[in-house]
1. Does Leu119 satisfy being among the aliphatic types (A, V, I, L, M), buried (at least 18 other Cβ atoms within 10 Å of the Cβ), closer than 25 Å to Val22 by Cβ and at pLDDT 80 or above?
2. In region 12-30, is there at least one residue being in a loop (DSSP other than H, G, I, E, B), closer than 16 Å to Tyr202 by Cβ and modelled with pLDDT under 95?
3. Being farther than 14 Å from Leu27 by Cβ and either of a type in the set (Ser, Thr, Tyr) or at pLDDT below 70 (or both) is the filter; apply it to region 160-181 and report the residue that is surrounded by the fewest Cβ atoms within 10 Å (Cβ to Cβ).
4. Inspect all residues belonging to region 103-111 and state whether any of them is touching a helix residue (DSSP H, G or I) at 6+ places or on another chain (Cβ under 6 Å), among the aromatic types (Phe, Trp, Tyr), surrounded by 13 or more Cβ atoms within 10 Å (Cβ to Cβ) and assigned to a helix (DSSP H, G or I).
5. Is it true that Pro16 is surrounded by 14 or more Cβ atoms within 10 Å (Cβ to Cβ) and farther than 30 Å from Val169 by Cα?
6. If you check Tyr206, Tyr184, which single one turns out to be aromatic (Phe, Trp, Tyr) and modelled with pLDDT of 95 or more?
7. Checking the structure you have, find out if any residue of region 77-86 is part of a helix (DSSP H, G or I) and free of Cβ contacts under 8 Å to residues at least 12 places away in the same chain.
8. Would you point out the residue of region 56-71, among those that are assigned to a helix (DSSP H, G or I) and without any contact (Cβ under 8 Å) to a residue 12 or more places away in the chain, that is surrounded by the fewest Cβ atoms within 10 Å (Cβ to Cβ)?
Amino acid sequence: MGIQNLFAAGGVVMWPLLGFSVLGVALIIERIRFWVKINKRQNRVVRDVLNLYRLDNVVGAMDKLRQNADLPLARIFLAALELEEPNPEEFRLALESEAQAEIPVLKRFQNFFETIISLAPLLGLLGTVLGLITSFASLNLGDVGGSKTAGVTSGISEALVSTASGLIVAIFILLFANTFRGLYQRQIALIQEYGGQLELLYRRRYERGGEKTYAATR
C-alpha cells in the first residue's frame, strides 16, 4: 500500500499522526546528537580536570573546563571553582545548585515524548471509532453485497490503519524515550560521583590551606 493510499485509508487522524512522527524524529535526532557529544567527551574531560586539580594545577583545570563549557559537568564544576575562596559548605551548595540547574537540559523534550506516546494511540483509537461509524453508516442489511458494501469496507480499513499507525508511532517514540531516560539517570549518577570527588579534593585543599595559615601564625 502506497503512502497516498495509506493516508486515504487511515482517514483524517493520519495527518496529526504524521505531524507527531515528524516532530518526534526531529527531537530524537537532537537528543541523539546531545548524548553522543556527552558520552564521547565528558568522562575524559572530567578525569583530566580532576587529575589537574589533584596536582594543584587549578588554573589548568579551570582552562580545561572553560574550553568544554558546552558539557553539563564542566558547567557544574565551573560554578563551584569560580567562587572566591568559598568554605566547603558553600562549595558543596554551588555544586548542588548548578546540578539542579542542569536537570532541565538533560531531560529536555521528555514531556514532548510522553505527550506523543500518550496521544498517538488515542488518535488511533479515534480513527477506529470514526471508521466504525463510517462502516455502520454505510451498512444496509437489505443491500448485502450491493453498492454500499464498498463504504463498509472503507470504514473498516480506516479503523484498522489508523489504529496500527497510532501504535507504531507510540512504540517508536517510546523506544527512544526510554533510552534517553536511561542516559539521563546514568548522567545523574555520574554528576553525583564526580561532584563528590571534586568536593573531597577541595576539602583537602581547604584544610591544607587552613593548616598552613595556622602554622604561619605560630
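1. Answer is no for this residue.
2. no
3. Filtering first and then ranking leaves Thr163.
4. no
5. no
6. Tyr184
7. No; the residues of region 77-86 include none that is part of a helix (DSSP H, G or I) and free of Cβ contacts under 8 Å to residues at least 12 places away in the same chain.
8. In this case the residue turns out to be Val59.
The values are calculated or read from the model by the stated rules, or taken from the named source; none is laboratory data. This is a predicted model, so every value here is computed, not measured. Ideal geometry is used to build each Cβ from the backbone, glycine not excepted, and the neighbour counts take in all protein chains shown.
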